[in-house]
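For reference, the structure is listed below as structure tokens.
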Amino acid sequence: MTASVAPTLHTCWPLHCAGEAFGSDPVRTPDLHWLALGPQHLPVLAEVDKTAYSHPWSERHFAGSLDSGHLLQALVCQAAPVASARSSVLLPGGLQLLGYLVALQAADEVHLLNLTTVPACQRQGWGRRMVHTLTEAARGCAVTSLWLEVRASNAPALALYRSCGFQAVGRRKGYYPDTDTQREDAIVMTLPLSVPLP
Ligand SMILES: CC(C)(COP(=O)(O)OP(=O)(O)OC[C@H]1O[C@@H](n2cnc3c(N)ncnc32)[C@H](O)[C@@H]1OP(=O)(O)O)[C@@H](O)C(=O)NCCC(=O)NCCS
């Protein structure tokens, strides 16, 4: 008799996300799909993180996540013609990077550790799409709740997570580095997966 293996976030992750469920636009974003990130992508991620955060992850942070078996996935599409893509970010292999996330599964919980939309691609729905894909994959492997921390001053991220159904359930004092002399609080947010998505 073979023992059944419980599904994990990795095995539930969709290879492709083009399609009706995510409202994709195959004309505007040809060959939209998810890419599992590896060591060859980390320099680009660290560069993008520098442009998106006051306190970015370094290549070492991303490498640590890979080594720990966390989920590292990027939303990518076919690169636009050079003339119209001056601010786009290309990955090795020539795909255009739209955004990426890092998440870890611990028993029946998933923790979102990094969610970033490439600055030139923000406010186009990619952040919400990434959160929804993570949520659906988590549901698929019997996860009961998603968790994350976000800087108290990060209004765009707070608005995104609220619009995806997350609720603020706590505050961690001085959780993040800020200036040389100050630290910033984190808002702890959770999404129980027994409730349907908004
Ligand atoms: C937060 C972040 C991931 C949002 O990604 P995005 O792709 O721009 O988000 P979307 O276009 O999917 O927007 C979804 C919703 O988020 C909210 N939102 C996104 N950007 C916003 C902004 N600048 N101001 C206010 N609300 C914003 C809105 O509610 C938006 O819905 P709407 O467009 O219908 O109003 C992106 O701003 C980012 O990468 N920021 C830097 C890194 C970061 O802070 N990551 C989060 C760490 S916890």
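Coordinate-derived values only; no laboratory data. In this text the structure is predicted, and so the values were computed from the model without any measurement. Using ideal geometry, Cβ is built from the backbone for each residue, glycine included, and neighbour counts are taken over all protein chains shown.
Residues to consider are P56, P92; find the one that is free of Cβ contacts under 8 Å to residues at least 12 places away in the same chain and either buried (at least 19 other Cβ atoms within 10 Å of the Cβ) or not in a helix (DSSP H, G or I) (or both).
Residue meeting the stated conditions: P56.
Would you mind finding the one in V169, V143 that is in contact with a strand residue (DSSP E or B) (Cβ under 7 Å, 6 or more places away or on another chain), away from the ligand (no atom under 12 Å from the Cβ) and in a loop (DSSP other than H, G, I, E, B)?
Every option except V143 fails the conditions.
Going residue by residue through the stretch 162-170, is there one that turns out to be among the hydroxyl-bearing types (S, T, Y) and touching a residue at least 60 places away in the same chain (Cβ under 8 Å)?
Among the residues of the stretch 162-170, not one is among the hydroxyl-bearing types (S, T, Y) and touching a residue at least 60 places away in the same chain (Cβ under 8 Å), which makes the answer no.
Just the residues that are more than 15 Å from the chain's Cα centre (by Cα), of a type outside the set (S, T, Y) and either closer than 14 Å to P192 by Cβ or assigned to a helix (DSSP H, G or I) (or both), please, taken from the stretch 152-165.
A155, A159, R162, G165
So that you can scan it fast, the table gives a plain yes or no per residue for (1) in contact (Cβ under 8 Å) with a residue 60 or more places away in the chain; (2) near the ligand (Cβ under 10 Å from one of its atoms):
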{"site": "L97", "(1), (2)": "no, no"}
{"site": "T116", "(1), (2)": "yes, yes"}
{"site": "Q122", "(1), (2)": "no, yes"}
{"site": "G127", "(1), (2)": "no, yes"}
{"site": "E149", "(1), (2)": "no, yes"}
{"site": "Y175", "(1), (2)": "no, no"}
{"site": "D180", "(1), (2)": "no, no"}
{"site": "M189", "(1), (2)": "no, yes"}
